[in-house]
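> Got a structure for you, written out below as C-alpha cells; questions coming shortly.
The values are calculated or read from the model by the stated rules, or taken from the named source; none is laboratory data. Computed from a predicted model, the values in this text were never measured in an experiment. Note that each Cβ is placed from the backbone with ideal geometry, even for glycine, and that neighbours are counted across all protein chains shown. These area figures cover heavy atoms from the full protein model, side chains too; ligands, DNA and RNA do not enter into them. Shrake-Rupley method; radii C 1.70, N 1.55, O 1.52, S 1.80 Å.
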Amino acid sequence: MIRDDRSIVIIGLKHCGKSSVARILAKHLRRPHYDTDNLLEELYFAEQGKRLNFREIYAKLGKQRFDQLQMSVLKNFFDRQHSGGFWPRLPLLSLGGGAGDLPEVGHLLDGENCLVVLLEENPELLFERISATGLPSFLSDAEGPEEAFLKFCRLSEQRLVRYRDWAEFRILCRDRGQEEVALELLQRIER
Ligand SMILES: Nc1ncnc2c1ncn2[C@@H]1O[C@H](COP(=O)(O)OP(=O)(O)OP(=O)(O)O)[C@@H](O)[C@H]1O
Ligand SMILES: O=C(O)C1=C[C@@H](O)[C@@H](O)[C@H](O)C1
Ligand SMILES: [Mg+2]
C-alpha cells in the first residue's frame with residue numbers, strides 16, 4: 001500500500017509523459033502536482049520579475065545556469081517537504097527531462113522522503129514526439145535531424161543509467177496512452 005509520508009517523483013527522458021502521467025495520478029490520489037519546469041518559471045519570475053516559459057529561460061541562460069536553477073527548485077521543494085509545508089497531502093513532482101545530467105539530483109531523491117518512479121519509452125519514439133513541436137535548445141545546435149537524433153540517443157543512454165539507479169521501480173510505457181501508463185503506475189503503488 002502506498003505510504004502517505006513520501007512524495008512521489010516521476011522521472012524519465014524528455015517527452016516520455018512525466019507531466020501528463022503525474023497530472024492524472026495526482027487526480028486519482030488527490031495529491032497536489034508540481035513540475036520542476038513550472039517551479040523554475042516561478043523562481044525565475046520571483047528573482048528577475050519577468051515571466052518567461054522554461055524553454056525561453058533555457059535559451060536565455062544556457063544549460064549551466066538552467067541546471068543551477070533546477071537544483072534550487074529541487075532543494076526548495078524538499079526543504080518545504082521537510083518543514084511540513086505540504087500539509088496535509090504530500091505532492092507528486094515531475095522532473096524536467098534534463099535532470100538526468102545532474103548527479104546531485106540523485107542525492108536529493110532519498111527513498112525515505114520520496115518514491116521515485118521511472119517512465120521508460122523507446123528513444124526513437126520520443127525523438128519523433130520531440131521533433132513534432134520543434135527541437136528544443138539542447139538539441140538545436142545539431143547540423144540536421146540525423147545528428148540531432150544521434151545526440152538525443154547518446155544523451156538518453158547516459159541519462160537512463162542515472163534514472164535506473166535513482167528509481168525504486170520503472171514502468172515500460174510501450175507506446176501506450178498516458179491514461180493506461182498512469183493506471184499501471186497506480187496499481188504498482190497501491191499493491
Ligand atoms: N504515452 C503517451 N502517448 C502519446 N503521447 C504522449 C504520451 N506521453 C506524452 N505524450 C505527448 O508528449 C508530449 C510531452 O508530454 P509530457 O509533457 O507529459 O512529457 P514530459 O515527459 O513531462 O516532457 P518534458 O521532459 O518535456 O517535461 C505531449 O505532447 C504529450 O501529449
Ligand atoms: O531534456 C532536457 O534537457 C530538458 C527538458 C525540459 O524538461 C527542460 O527542463 C529543459 O528544456 C531541458
Ligand atoms: Mg514535463
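> Within the range 69-79, identify whether any single residue is acidic (D, E), modelled with pLDDT of 95 or more, within 16 Å of ligand 1 (Cβ to nearest atom) and over 15 Å from the mean Cα position of the chain (by Cα), and answer yes or no.
No: zero hits.
> Taking interchain pairs and intrachain pairs at least six residues apart, which have beta carbon atoms under 7 angstrom, with the first residue in the range 56-74 and touching a residue at least 60 places away in the same chain (Cβ under 8 Å) and within 16 Å of L39 (Cα to Cα) and the second within 15 Å of ligand 1 (Cβ to nearest atom) and open to solvent by less than 20 Å² (accessible area, probe 1.4 Å)?
Final answer for the pair search is Y58/F66.
> Mind telling me which of the residues E124, E120, E179 ends up being open to solvent by 20 Å² or more (accessible area, probe 1.4 Å), at pLDDT 95 or above and in contact with a Gly (Cβ under 9 Å, 6 or more places away or on another chain)?
Only one candidate qualifies: E120.
> Could you list, in sequence order, the residues of the range 165-179 that are closer than 14 Å to L125 by Cα and not in a loop (DSSP other than H, G, I, E, B)?
L172
> Six or more apart or on different chains, Cβ under 9 Å: which pairs go from a residue in the range 80-96 that's within 12 Å of R23 (Cα to Cα) to one that's open to solvent by less than 30 Å² (accessible area, probe 1.4 Å) and assigned to a loop (DSSP other than H, G, I, E, B)? Could you list them?
Listed pairs, sorted by first residue: P91/R31; L92/R31.
> If you go through the range 15-25, how many residues are within 13 Å of ligand 3 (Cβ to nearest atom), in a helix (DSSP H, G or I) and open to solvent by less than 20 Å² (accessible area, probe 1.4 Å)?
Matching residues across the range 15-25 total 3.
> Within the range 144-158, does at least one residue satisfy the condition of being within 19 Å of I10 (Cβ to Cβ), of a type in the set (K, R) and at pLDDT 95 or above?
Looking through the range 144-158, none of the residues is within 19 Å of I10 (Cβ to Cβ), of a type in the set (K, R) and at pLDDT 95 or above.
> Just for the range 79-95: of the residues that are more than 17 Å from D165 (Cβ to Cβ) and touching a strand residue (DSSP E or B) at 6+ places or on another chain (Cβ under 8 Å), which one is nearest to ligand 3 (Cβ to nearest atom)?
S94
> Being open to solvent by 20 Å² or more (accessible area, probe 1.4 Å), at pLDDT 95 or above and away from ligand 3 (no atom under 12 Å from the Cβ): is that true of L61 here?
yes
> Shifting gears a bit: Can you tell me which residue is farthest from G62 (Cα to Cα) among those in the range 127-145 that are surrounded by 15 or more Cβ atoms within 10 Å (Cβ to Cβ) and aliphatic (A, V, I, L, M)?
Taking the candidates together, the pick is I130.
> If you go through the range 149-162 one residue at a time, do you hit one that is under 28 Å from K27 (Cβ atoms) and of a type in the set (S, T, Y)?
Looking through the range 149-162, none of the residues is under 28 Å from K27 (Cβ atoms) and of a type in the set (S, T, Y).
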